[in-house]
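Trainee: A single structure is presented below for examination.
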Amino acid sequence: MMQESPDPEDDETPIQSDRLSMLSQEIQTLKRSSTGSYEERVKRLSVSELNEILEEIETAIKEYSEELVQQLALRDELEFEKEVKNSFISVLIEVQNKQKEHKETAKKKKKLKNGSSQNGKNERSHMPGTYLTTVIPYEKKNGPPSVEDLQILTKILRAMKEDSEKVPSLLTDYILKVLCPT
């Protein structure tokens with residue numbers, strides 16, 4: 001995931017970084033001035049010079065604030081994407097473990113049934129584990145599945161894990177909306 005993410009360092013423009021460096025150097029120069037203290041040097045600046053420095057600093061602050069907001073939004077998006085992917089992986093592993101358990105149980109029941117005949121019928125609308133064996137169709141695209149696709153797949157997997165009767169409708173929606181969109 002992190003390999004595919006844009007590098008935040010690439011977004012920084014040299015102009016912004018240079019402007020901040022220049023402002024920092026001007027302030028450092030004022031502080032180190034041999035003609036007196038920093039306060040005296042600032043007092044000697046004209047109002048227009050002070051206003052110019054103030055304007056440059058305010059512009060730099062505004063630009064960096066905007067950049068910070070953009071970087072925080074990107075961080076939030078990446079964090080959400082990571083949560084969705086982790087959730088998908090966790091549910092997938094849970095379903096795979098439950099499928100393995102279901103297979104082993106089915107084998108044991110089959111061995112027991114072969115030894116004795118079964119006269120009673122099951123009254124449930126579906127056999128336990130019916131939806132657990134569902135196969136989700138997947139079409140490999142150029143890149144990894146989108147966050148939206150992973151959310152849909154996670155919802156289907158959760159329903160499968162719970163052996164819910166919602167699986168067929170969720171699967172149908174997934175096929176119609178993701179695999180065969182109109």
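The values are calculated or read from the model by the stated rules, or taken from the named source; none is laboratory data. What you see is a predicted model, and the numbers here were worked out from it, not measured in a lab. Reconstructed Cβ throughout: ideal geometry from the backbone, glycine too, with neighbour counts over all protein chains shown. Just so you know, the surface numbers come from the protein's heavy atoms only, side chains and all, with ligands and any DNA or RNA stripped out. Shrake-Rupley method; radii C 1.70, N 1.55, O 1.52, S 1.80 Å.
Trainee: From the P(r) of segment 33-87, could you give the percentage of C-alpha pairs in the tail past 18 Å? Could you put the intermediate results ahead of the total?
Mentor: Working: 919 of 1485 pairs.
Here the long-distance tail beyond 18 Å is 62 percent of all Cα pairs in segment 33-87.
Trainee: Among 107/155; 113/161; 103/161; 141/177, which pairs are too far apart, with a Cα-Cα distance over 19 Å? Write out the running numbers ahead of the final one.
Mentor: Working: 107/155 28 Å; 113/161 26 Å; 103/161 14 Å; 141/177 15 Å.
Too far apart for the 19 Å limit: 107/155; 113/161.
Trainee: Percent of accessible area on segment 39-182 owned by carbon and sulfur, 1.4 Å probe?
Mentor: Values: 6040 of 11070 Å².
That share works out to 55 percent.
Trainee: Okay, moving on. Order 47, 167 by their accessible area, 1.4 angstrom probe, all chains in place, largest first.
Mentor: Values: 47 105, 167 0 Å².
Order by accessible area, largest first: 47, 167.
Trainee: Whenever you get a sec, line up 94, 67 from highest to lowest accessible area (probe 1.4 Å, protein heavy atoms). Don't jump to the answer; show the numbers that get you there.
Mentor: Numbers: 94 80, 67 40 Å².
Ranked from most to least accessible, the order is 94, 67.
Trainee: Using a 7 Å offset from the Cα along the Cα-to-Cβ direction at both residue 77 and residue 138, what is the distance between the two label points in nm, to one decimal?
Mentor: Distance between label points: 2.4 nm.
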